[in-house]
Amino acid sequence: MKTIMVVTATRAEYGLLKNVLRHIQESDDLELILIVTGTHLSEKYGLTVEEIEQDEIPIAAKISMEVEDAGKSGIVKSMAKLMGALADAIEEFKPDMLLILGDRYEMLACASAGTAMNIPIAHIAGGEVSYGANDEQIRHAITKMSHIHFPEADVYANNIKFMGEEKFRVKQVGALGIENIITTKLLSHKALNEQLGVAVDADTFLITYHPATLSKMLAYEMDELITALDGFNNTMIITYPNADNGGEYIIERWKEFQATHKNVFLFKSLGTQKYLSTMKYAGLIIGNSSSALIEAPIFKKPVVNIGKRQAGRLMATNILSCSNKKEDIAKAIQKALSPEFRNKVDRTVSLYGIGNTSEQIVSILEDLEINERLITKKLVF
């Protein structure tokens, strides 16, 4: 029996990990140790730990990071706090392996703690590229600390190999976000409208905008985005950004925008089911979230991808990328709403495949031998 410690810190991350966690629970060869931290424990960001509890996935420990201070120094201090608490959790639960997803600073703290305590690391969604955020450096740093890699596409698997990782460590399994759409029981149109208190239809915009952490022009970017959106009377469903540096500023700007617009509805978190259901019935996805690049092509929804945050990622034919200038945003929205572009979107093909990603990950973990070959990393070319 191998014990797998999984750490989740955000709503989006948990939504992707949910099926993996369930398969670990059901495995005869694996034992789940779930650590919940980050914005899951924050009222400001929707206290999304409640979604985990409602899913009846047992939580081994909750670690507060005091994420309410999302400034640069606050993030560093919260990382230090998480690392200290993880050291205690690792000593208590003695996991055989640490499983983490993505490229956020919380996962860098986890990977650092695991490395220092000689716990082998399995990493989901490495090898990707996003030049507009410091996630880029974090993601690749985690790759070099990890022992098994689960990239979401062939090109990302190749990127990991180009970084000197041995081929036997790289297991391309597809995207968890795609599997989520297949396995999640989405709400009916009527049920979604009732639960949100909003009439979602083909004229609805679903908007998620995160701070591009390498940018020093957030105030300008929000001015331009809000000015562009102000030119449209469509219903707008807006979800909170991540707890990154600049996230609190975005939230305050959205609150001001909502206060003066009856067509704007702001949500701390929709949860996986409501978020995917909203994406299914909405007419247009706007912002700079990776979910717009991975999940929206499956729903064949037009996407306006704003700014440089996702620069370098795979993008299907349903995605229109534009600058942060209000004129470019407005033009991209108008084009995305046009019959010509919608016809093009109807022919969109996912670049991330369709498969049983979580089952593959768990099967690999079940069969994995934790031995000297796995633990001793070599640089190969």
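The values are calculated or read from the model by the stated rules, or taken from the named source; none is laboratory data. Quick caveat: nothing in here was measured; it's all calculated off a predicted structure. As a convention, Cβ positions derive from the backbone with ideal geometry for all residues, glycine included, and neighbour counts pool all protein chains shown. Only protein heavy atoms, including side chains, enter the accessible area calculation; ligands, DNA and RNA are left aside. Shrake-Rupley method; radii C 1.70, N 1.55, O 1.52, S 1.80 Å.
Structure notes:
- Whole-number percent relative contact order across region 281-381, with pairs defined as alpha carbons under 8 Å at least 6 apart: 24
- Averaging the sequence gap over all C-alpha pairs within less than 8 Å and six or more residues apart, then dividing by the number of residues, gives the chain a relative contact order of 17 percent.
- Global form of region 1-152, assessed from the alpha-carbon gyration tensor, a/c cut-off 1.5: rounded
- Rounded if a/c under 1.5, otherwise prolate or oblate - region 34-78, Cα gyration tensor axes: oblate
- Hz values of 3J(HN,Hα) by residue in region 5-10 - Karplus curve (6.51, -1.76, 1.60), Gly and Pro given as x: 8, 10, 10, 10, 10, 9
- Over 28 Å between alpha carbons, listed pairs K62/K94; K268/K344; K18/K216: K268/K344; K18/K216
- The chain: most fluctuating residue of I100, I333, I57 per GNM, C-alpha cutoff 10 Å: I57
- In region 109-212, Cα pairs under 8 Å separated by at least six residues give a relative contact order of 22 percent.
- Evaluating 6.51 cos²θ - 1.76 cosθ + 1.60 at θ = phi - 60° for every residue in region 176-192, the Karplus couplings come out as 4, x, 5, 4, 4, 4, 6, 9, 7, 7, 6, 6, 5, 4, 5, 5, 4 Hz, glycine and proline recorded as x.
- Solvent-accessible area per residue for the chain (1.4 angstrom probe, square angstrom): 41
- Separation of alpha-carbon centers, region 269-340 and region 149-207, rounded to whole Å: 14
- 5 angstrom amide H check on V6, placed H, neighbours 5+ away: I33, L34, I35, L99
- Taking amide H as placed 1.01 Å from N in the peptide plane, I124 has its amide H under 5 Å from the amide H of I100, L101, G102, F150, each at least 5 places away in sequence or on another chain.
- Against the chain, whose longest principal axis comes from its Cα atoms, helix 247-259 is set at around 30 degrees.
- Peptide ranges 264-273, 364-373, 346-355 listed from the most packed, as the mean C-beta count within 10 angstrom indicates: 264-273, 346-355, 364-373
- Measuring between alpha carbons in the structure, the pairs from K72/K255; K44/K255; K144/K171 lying more than 20 angstrom apart are K72/K255.
- Carbon + sulfur, % of accessible area of region 192-256 - ligands and nucleic acids excluded, 1.4 Å: 46
- Shown in residue order for region 194-207 are the 3J(HN,Hα) couplings computed by the Karplus curve 6.51 cos²θ - 1.76 cosθ + 1.60 at θ = phi - 60°: 5, 6, 7, x, 9, 7, 8, 8, 5, 9, 8, 9, 9, 10 Hz (x for Gly and Pro).
- For peptides 374-381, 289-296, sequence by mean Cβ density within 10 Å, most packed first: 289-296, 374-381
- Solvent-free Debye calculation, one equal scatterer per alpha-carbon of region 82-139: log10 I(q)/I(0) at 0.22, 0.23, 0.24 Å⁻¹ equals -0.82, -0.88, -0.93.
- Shape category assigned to region 235-363 from the gyration tensor of Cα positions, a/c cut at 1.5: oblate
- Amide H to amide H distances under 5 Å link G307 with C322, S323, N324, where only residues 5 or more positions off or on other chains count and H is placed in the peptide plane.
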